[in-house]
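**Q** Take this structure, written in structure tokens, and hold onto it; I'll ask about it next.
The values are calculated or read from the model by the stated rules, or taken from the named source; none is laboratory data. Remember, it's a predicted structure, so these values are computed and weren't measured experimentally. Positions of Cβ are generated from backbone atoms using ideal geometry, with glycine treated the same way; all protein chains shown enter the neighbour counts. With ligands, DNA and RNA removed, areas are computed over all heavy atoms of the protein, side chains included. Shrake-Rupley method; radii C 1.70, N 1.55, O 1.52, S 1.80 Å.
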Amino acid sequence: MLTNNEIKFIKSLNHKKNRDSNSLFLVEGDKIINELISSDFRIKKIYGTYNWYEDNCSIIEEELFCKVSPKELSRISNLKSPNNVLAIVNKKNLELEQSNLTGLTLVLDSINDPGNLGTIIRSCHWFNIKNIICSENTVDMYNSKVIQSTMGSIFNVNIFYTDLSSFLNDCSNTHTIYGSFLEGDDIKKIEINSNALLVIGSESHGVSDSIVNKIHKKVTIKAKSDKINSLNVATATSIMLYEFC
């Protein structure tokens, strides 16, 4: 049975400051939890219904598990219709090493919408992009809406937050830096170098003025219609990843 203190602590992890201070985050839902269990993330506690436990007891350590009723689960869930299981998970402490950024690396500048970030992470998993570099003001990867949108892909992609201006400066001699702009060379017609960074700007303002001069080559997706002037950032990113890969 859940105590009031447990419920209060779990609910507190809905706030970024508490996730940061405890180095923990929440994951819920059958599919995402299954992806979590098979990943190298370290689980602190799993709260699940009796039926979920019966179906999955062979793949989890018993001391990590706490059986709860559907009513108790609804008290700690972020979902409108709570699923069968919720986990508290330890954050990873990854070090950003420039030498490890081989192939294509995605760079996200001021992506604010959790659903867009989650979809982008899922697309990176699909196209086997191993590393995503985020600006410090990009939405938190451990936001519950981000995690739900990734459908478990968050456990298969390395994600870093850093100052993009300094990072791009450091990479300027080792990587070709491409940037997504409304005005740029047709992405279908350019030659793409093997070690590359692809910078995607915010939903509203595009690539920040402070890093525009770090871009080596501006690229765009040519529209087939003159009655629309932009794409959703997650959609545009997926198309660009397809072309790059």
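**Q** Quick one: among Ile46, Ile190, Ile133, which has the greatest mean-square fluctuation in a GNM of the chain with alpha-carbon springs under 10 angstrom?
**A** Fluctuation is largest for Ile190.
**Q** Could you work out how far apart the two model spin labels at His216 and Asn100 are, taking each label as a point 7 Å from the Cα in the direction of the beta carbon, and quote it in nm?
**A** 2.2 nm
**Q** Additional query: Once you've got the GNM for the chain with C-alpha springs shorter than 10 Å, pick whichever of Leu73, Leu64, Leu94 has the biggest mean-square fluctuation.
**A** Result: Leu94 has the largest fluctuation of those listed.
**Q** Counting other Cβ atoms within 10 Å, keep those with at most 14, restrict to DSSP loop, and tell me which trypsin sites (Lys or Arg not before Pro) in the stretch 37-106 are left.
**A** Taking the stretch 37-106 and a limit of 14 other Cβ atoms within 10 Å, the loop trypsin sites (Lys or Arg not before Pro) found are Arg42, Lys80, Lys92.
**Q** Related question: Sticking with the crude label model, points 7 Å out along Cα→Cβ, report the distance from Lys91 to Ser38 in nm, one decimal please.
**A** Here the modelled spin labels are 2.7 nm apart.
**Q** Mean residue ellipticity at 222 nm from the helices of the chain, using -39,500 (n - 2.57) per DSSP H segment of n ≥ 4 over the full residue count, to the nearest 500 deg cm²/dmol?
**A** -9000 deg cm²/dmol
**Q** Turning to a different aspect of this structure: List the residues of the stretch 166-203 whose backbone N lies under 15 Å from a point placed 7 Å from the Cα of Thr235 along the Cα-to-Cβ direction.
**A** Correct set: 203.
**Q** If I build a Gaussian network model for the chain, linking alpha-carbon pairs within less than 10 angstrom, which residue out of Thr119, Thr174, Thr220 has the largest mean-square fluctuation?
**A** Thr174
**Q** Counting other C-beta atoms within 10 Å, and keeping those with at most 13, which DSSP coil GluC sites (Glu not before Pro) do you find in the stretch 1-86?
**A** Passing both the DSSP loop test and the Cβ count: Glu61.
**Q** Another question, then. With a 1.4 Å probe and all protein chains in place, put Asp226, Asp170 in order of accessible area, largest first.
**A** Largest accessible area first, the list is Asp226, Asp170.
**Q** Name the shape class, rounded, prolate or oblate, that the alpha-carbon gyration tensor gives for the stretch 39-164, where a ≥ b ≥ c are the square roots of its eigenvalues, rounded holds for a/c under 1.5, and otherwise prolate holds if a/b is larger than b/c and oblate otherwise.
**A** prolate
**Q** Something else now. If you average the alpha carbon positions of the stretch 7-28 and of the stretch 187-219, how far apart do those two centres end up, in angstrom?
**A** So the two Cα centres are separated by 34 Å.
**Q** Stretched out fully, how many nm does the piece from Lys145 to Glu62 gain, at 0.36 nm a residue minus the Cα gap?
**A** 27.1 nm
**Q** Using the Cα gyration tensor of the stretch 94-245, with a ≥ b ≥ c the square roots of its eigenvalues, what is the shape: rounded (a/c below 1.5), prolate (a/b larger than b/c) or oblate (neither)?
**A** Note, shape of the stretch 94-245 comes out rounded.
**Q** Please give the charge dipole size of the stretch 115-245, origin at the Cα centre, charges +1 on K and R Cβ atoms and -1 on D and E Cβ atoms. Round to the nearest 20 debye.
**A** 400 debye
**Q** Okay, next question. Read phi for every residue in the stretch 110-119 and hand back ³J(HN,Hα) as whole Hz from Karplus 6.51 cos²θ - 1.76 cosθ + 1.60, θ = phi - 60°, with x for Gly and Pro.
**A** Karplus values, whole Hz, x for Gly and Pro: 6, 7, 9, 8, x, x, 5, 4, x, 5.
**Q** In nm, to one decimal, how far is the Asn158 label point from the Cys245 one, both placed 7 Å along Cα→Cβ?
**A** Result for the modelled spin labels: 1.8 nm.
**Q** I'd like the trypsin sites (Lys or Arg not before Pro) in the stretch 150-236 restricted to DSSP loop residues with at most 16 other Cβ atoms within 10 Å, sorted by number.
**A** Listed in order of number, the matching sites are Lys222, Lys224, Lys227.
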